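One structure is given here, and the rest of the page talks about it.
The values are calculated or read from the model by the stated rules, or taken from the named source; none is laboratory data. Just so we're clear, the structure is a prediction, and the values are computed from it rather than from any experiment. No Cβ is skipped: glycine too gets one built from the backbone with ideal geometry, and neighbour counts run over all protein chains shown. Please note that ligands, DNA and RNA were not included when accessible areas were found on the heavy atoms of the full protein model with its side chains. Shrake-Rupley method; radii C 1.70, N 1.55, O 1.52, S 1.80 Å.
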Amino acid sequence: MGGFSLGCGLGWSAPCVELLKDEHHFDAFSTNVIASVFPLGAALGMLVVPFLMDRIGRKWTMMSLVPPFVLGWVFIAAGVSAFAFLLMGRLITGACGGMFCVVAPMYSAEMAEKEIRGTLGTFFQMLLVIGILYAYCCGYARNVTVTSILCGIAPIVFACIMSFVPESPLYYVIKNNEEAAKKSMRFFRGPDYDIAPEINAFKEQVERSRNQPVTLSAFLRRPVLWTMAVAYGLMFAQQFSGINAIVFYCQTIFRQTGVEMDSLLQMVIFAVVQLGRKLLMVISSSVMCVCMMALGLFFVLKTHDPEQADCLFWLPLGSSCLYILAFCLGAGPIPWTYMSEIFPTRLKGTASSSAGFFNWMLAFIVTVSFSSVVDAVGNAAAFFFFAVICALSVVFVIFFMVETKGKTFAEILREFGTYEIETE
């Protein structure tokens, strides 16, 4: 439900940006800033989240996000005609939503059995895109305040559900509370499951990293730099695939296609097909590349051969739907899940947060610049650029991404060469 709450924040801008222009007379620059400040807030949240996770735990970090998350939605709903209130609300909701991207996958990875850890990790992305769909559907109210209130319900629902779920067992082990760790593990495994091997593995993992301070020199070791490079590369591939340009501005993009179908209806259809399951990153990026090429081609035809473009009226919606489906099957969930698995225990909080900060700063750059880039070079060139990045991502994944499916944390660290660093 943290992912659902984030999805509401991401999806809010698509229907509401056009409403702010049409009904509240915001100019294009103001709406671009209101849309793009959400990922900027998420990036700023990355600077805080490692300290909270290590001090108050995974669960209570997420629970502590609920009051400011709701307050942010109150600012947006109450200040719909005031730029400063909208800006502050989007910044706060972005910070809270962004922090979920690190804490929720980490919590999920720490309490899941290794056989289902990857599959379980995809549920965050699935709920995120359901949240986007929910926000798009709320756009049918055609009222920014109503849409914002409906989106603001999500973190309240999250708090109600999460209050019944225990803290991560690994966090309890880190805090030397073995009894609480066992109780938490029994909650997730059931009373008859033999939890001793997993608890002992956690204790061994924590013991290896205990009394090892997180210093800059630890991050400058070659295996850690390599691990960081892979994480950063996946984040770059995710954001420069064009995903947030599509999610934040899809209604605007569909208006620009000139296709005679209600743009809001197209937007909702586009969101429905986001409910996918994880496939290989390479397949995901390949399909996304083809879809971006198709969108670019449509805008070329629209400029140079309008009649032919009219015959291909189905192409913008079809390629956008296939693109977002491919994203949700691989490029969306895998980088976040992967990041929660590959770093040594004592570096995990800082390293994951830095990669998350990088991701959201890229998202901010894409969203704040997309409209200006389109005005300067046209839709076709922008989508062809995204297609090139997707193609390069395929190469990156094939040659540099290490498979983690079905492996223990120790086995993953050995693959990256960081196991010895953990045991020093």
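Quick look at the values:
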{"read-out": "For the chain, built as a Gaussian network whose Cα springs stay under 10 Å, the top-fluctuating residue of Gln308, Gln205, Gln239", "value": "Gln308"}
{"read-out": "Cα centroid separation, segment 15-91 to segment 110-159 (Å)", "value": "15"}
{"read-out": "Pairs from Lys182/Lys405; Lys183/Lys348; Lys175/Lys405; Lys59/Lys182 whose Cα-Cα separation, in the structure shown, is over 18 Å", "value": "Lys182/Lys405; Lys183/Lys348; Lys175/Lys405"}
{"read-out": "Axial C-alpha extent at least 24 Å, average Kyte-Doolittle at least -1.0 - helices from the chain (DSSP)", "value": "2-23, 28-45, 83-111, 117-138, 144-162, 222-239, 281-304, 345-377, 379-400"}
{"read-out": "Accessible area in the full protein assembly, largest first, 1.4 Å probe, for Met401, Met62", "value": "Met401, Met62"}
{"read-out": "Net charge dipole size for the chain [Lys, Arg +1 and Asp, Glu -1 on Cβ; Debye, nearest 20]", "value": "840"}
{"read-out": "Leu6 accessible area, assembled protein chains, probe 1.4 Å, Å²", "value": "0"}
{"read-out": "Principal axis dimensions, largest first and in whole angstrom, of segment 1-156 by Cα", "value": "51, 28, 24"}
{"read-out": "Summed residue charge, Cβ within 12 Å of Ile56's Cβ, Lys/Arg positive, Asp/Glu negative", "value": "+2"}
{"read-out": "Positive-pole candidate from Thr345, Gly98, Val388, dipole of the chain, charges at beta carbon", "value": "Thr345"}
{"read-out": "Mean separation of Cα contacts under 8 Å, 6 or more apart, over the residue count of segment 1-165: relative contact order %", "value": "43"}
{"read-out": "Set of aspartates and glutamates near Lys203 by C-alpha distance (under 19 Å), chain-local residues within fewer than 8 positions excluded", "value": "Asp54, Glu110, Glu113, Glu167, Glu178, Glu179, Asp194, Glu341, Glu411, Glu420, Glu422, Glu424"}
{"read-out": "GNM flexibility winner over the chain from Leu52, Leu329, Leu133 (Cα, springs under 10 Å)", "value": "Leu52"}
{"read-out": "Mean separation of Cα contacts under 8 Å, 6 or more apart, over the residue count of the chain: relative contact order %", "value": "25"}
{"read-out": "Unit charges at the beta carbon, dipole of segment 1-99: most positive-side option, Ser13, Val66, Ile56", "value": "Ile56"}
